[in-house]
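Remarks on the structure that follows.
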Amino acid sequence: MKKILIVAKKEFLDTFRDKRTLVRMILIPLLAFPLIINIMTTVQSSEMEKAAAKELKIGYVLNNQSSEMIDSLAMSPNYNFIAYTDTAALRADVVSQEINLGIGLTPTFDDDFNAGNQASFDLFYRQADSEEYDRFNVLLEKQEERLINKRLSEKSLAPMFIKPIKINLLNQSSLKEVIGKYAGGILPYLFMAFCFMGCMLPAIDLFAGEKERGTLETLLTTPVNRLHILLGKMIVVTAFGLISATVALIGLFLSLKMVKEGGEMMDVISGMLSTELILTLYVLLIPLAIFFAGIMIPISVYSRSFKEAQSILTPLNMAVILPAMVGFIPGIELNATLAFVPIVNVVLATKAIIAGNIEMIPLAITFITLIALAGIAVFISVRQFGKETNVLR
């Protein structure tokens, strides 16, 4: 064990001396989330303010009908209503984006409304500019409500006349359960993505990189068992994967603290990052990191150069990202079957832990599966590193 730790210490020192590795595995994960969330919130707030202040040009054709509805709509700020006499011209200006939307009243609009029937009008819009339609549709819904109340008042009927049933929605799920179900997959997804990336660079450098530099052969001539060398290097690869994931978690936590808006939801999300959750996640993530290392090391040992190993391992990101995205799909929960599927089981287990409805049997199967996979990965690494044809290739 002492020799393994000596090798690990040596590799830790060498890796920490590499500034590129520190930037990629520590600085980027630490700054990524605060920067991303800060930029997103700033841009979103700015765009919402611009959209609210933007004046929408609404063309309309009355077709000899009353202008009462148009006059009522025109009282709203940031809307400019422009009269047209020709529907074709109105439609052409919507297509050419001279105006944002167009309203064409039907020739029987007033008669239908006054008779108590359903009055209709044509609304010309561009689906490509759906934001403008959505904004104006809110105004139309308010106008519709006004006209309904007017009709009811003329008939001396209460507004509840057209709403004979009232549904009292009594939500029995806590906000924590709702967030855990629909957004609980984000945390393990980020953890695993950064863990994989954190493992990849040291795995490539400590094997393919040393082969390329010619230092691996020198290390093998020392009076240290080859298994000890491999395990020492594997400890470093696994540790940097966990460090990268931890730094990413810290970055996420800091970014949540930076968000001033969000109220109760942000408080619940921050409260989810409890010590118990983090420890449980590490219990699942440590064997998964060993599994990642066990996949990468044989490939790195087999590769002739750093570039070759990188070209093989980089596409494997998809093998991690795609299964991890299962956590974003509502309705899929951890069971005895999915607990045997690597990566998917960690995502779903963490999601269930966040929601507070984890079952112990699937969780135990998940942990045993990860331990078994980690053991198989270590065995394969030992076999591959033990072959002279791979080491001296």
Problem - Long-range neighbours under 7 Å by Cβ, at least six apart or interchain, first residue more than 23 Å from I295 (Cβ to Cβ) within the stretch 313-338, second β-branched (V, I, T) - result: I332/V326; A336/I361; A336/I365
Handout entry: Filter pass, E261 being outside any helix (DSSP H, G or I) and modelled with pLDDT under 70
Key = yes
Exercise for the section: Please find, within the stretch 75-86, the residue that is least open to solvent (accessible area, probe 1.4 Å) out of those that are in a loop (DSSP other than H, G, I, E, B) and farther than 22 Å from K50 by Cβ. Expected result: D86
Practice task
Check whether at least one residue in the stretch 369-384 is open to solvent by 70 Å² or more (accessible area, probe 1.4 Å) and within 27 Å of the chain's Cα centre (by Cα), and report yes or no.
Solution key: no
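Against the definition (surrounded by fewer than 23 Cβ atoms within 10 Å (Cβ to Cβ), among the β-branched types (V, I, T) and assigned to a helix (DSSP H, G or I)), how does V237 come out, yes or no?
Working: surrounded by fewer than 23 Cβ atoms within 10 Å (Cβ to Cβ): no; among the β-branched types (V, I, T): yes; assigned to a helix (DSSP H, G or I): yes.
No; evaluated as a whole, the condition is false for this residue.
Look at the stretch 97-119 and say how many of its residues are open to solvent by 60 Å² or more (accessible area, probe 1.4 Å) and among the small types (G, A, S). Before the answer, list the steps.
Of the stretch 97-119, the ones open to solvent by 60 Å² or more (accessible area, probe 1.4 Å) are 97-98, 107-108, 111, 114-115, 117-118.
Then drop every residue that is not among the small types (G, A, S), which leaves 115.
Going through the stretch 97-119 one residue at a time, the tally reaches 1.
Which residues, counting only those in the stretch 287-313, are within 21 Å of V247 (Cα to Cα) and at pLDDT below 85? Steps first, please.
Step one: of the stretch 287-313, the residues within 21 Å of V247 (Cα to Cα) are 287-293.
Listed by number, the list holds a single entry, L288.
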Fill in the blank from the handout: Taking the stretch 337-353 and keeping only residues that are closer than 19 Å to L285 by Cα and either part of a loop (DSSP other than H, G, I, E, B) or open to solvent by 10 Å² or more (accessible area, probe 1.4 Å) (or both), one is left with L338, F340, V341, P342, I343, V344, K351, A352, I353
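The values are calculated or read from the model by the stated rules, or taken from the named source; none is laboratory data. Not measured: the values here are computed from a predicted model. Every residue, glycine among them, receives a Cβ derived from its backbone with ideal geometry; neighbour counts consider all protein chains shown. All accessible areas refer to the heavy atoms of the entire protein, side chains included, with ligands and DNA or RNA removed. Shrake-Rupley method; radii C 1.70, N 1.55, O 1.52, S 1.80 Å.
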